[in-house]
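The values are calculated or read from the model by the stated rules, or taken from the named source; none is laboratory data. What you see is a predicted model, and the numbers here were worked out from it, not measured in a lab. For neighbour counting, all protein chains shown are included, and Cβ atoms are generated from backbone atoms with ideal geometry for every residue, glycine included.
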Amino acid sequence: MPTIIIERNYLIQNIRPEKIASLLKDTEKKSRKEKTNDRINELYNQVLQFPRKEMGTSRFVKLVYDTLVAWNMDRRGAELSNFDTFEESLLKNNDVIQSLARLRIEKLKEINNQLQETMEFLYQNLKLVKTNAPFITFSKTMHFFLPNLFVPVDRKYTIQFFRTSIPPSVPERQFRNFCKVFEQFRQFANENRSILEAQIDPNSRWNKNIPKIINNIITAHMKRFEKCEPFRL
């Protein structure tokens, strides 16, 4: 598969730098009001604070699994694999996952062949869900393992923002769409690096790393402008 190149970046075109701080304030205010987020926030903090050297352990995989369940990733349409399958798959491929540990999305100059091949290998070989549509679960699981590289994607806001698709019976097309979305994130992080870095706040509920900040920006944007025409990849 050739390197994915997107000349027209919908993220950059529609979310201008001067909007970023305001959009993040919207997300932060809403999260404070929703007490149901307390458990989710607690688990997410545990994931981020977990020793990086111990990520290839059953204890961390169990934490990831519990966090995915809390993030509603074990519902119909995105049902997680049983824990034994989930655990075996991640532990078996942990060395491959950790080969990407030094990468940060805001510093990536491109999706080179090595990165794309590694992502595709993980996308095709991690047994995270019972269906053939791991797009969303893959993005969130990889965010938990590599929080500075992968943006957690959700169906309600991110998928609608890009108006992309997750064809369950065509894994190759799924991954191609995943790469297109990833490339949009990479370009946006590159162009707005200094602004995004300034928004990182360890005391914030959610703005703890740039990939999660990007997710928060899209969520707030969609809530503000739900009637806007999204971009079709």
For the stretch 85-98, state whether one or more residues are surrounded by fewer than 16 Cβ atoms within 10 Å (Cβ to Cβ), in contact with a Leu (Cβ under 7 Å, 6 or more places away or on another chain) and part of a loop (DSSP other than H, G, I, E, B). no
From the list Ser204, Ser169, Ser139, Ser194, which residue is of a type in the set (Ser, Thr, Tyr), at pLDDT 90 or above and either in a loop (DSSP other than H, G, I, E, B) or surrounded by 21 or more Cβ atoms within 10 Å (Cβ to Cβ) (or both)? Ser139
Residue selected from the stretch 58-69 under the condition touching a residue at least 24 places away in the same chain (Cβ under 8 Å) and surrounded by fewer than 16 Cβ atoms within 10 Å (Cβ to Cβ), by the criterion nearest to Asp95 (Cα to Cα): Ser58
Having 1 or more residues that are modelled with pLDDT of 95 or more and β-branched (Val, Ile, Thr) is the bar; report the helices (runs of 4 or more DSSP H) wholly within the stretch 11-77 that clear it. 37-49, 58-70
Within the stretch 70-81, tally of residues that are on the phi < 0 side of the Ramachandran plot and either within 15 Å of the chain's Cα centre (by Cα) or touching a residue at least 40 places away in the same chain (Cβ under 8 Å) (or both): 6
Kindly indicate which of Asn112, Asn82 is surrounded by fewer than 15 Cβ atoms within 10 Å (Cβ to Cβ) and under 18 Å from Tyr65 (Cβ atoms). Asn82
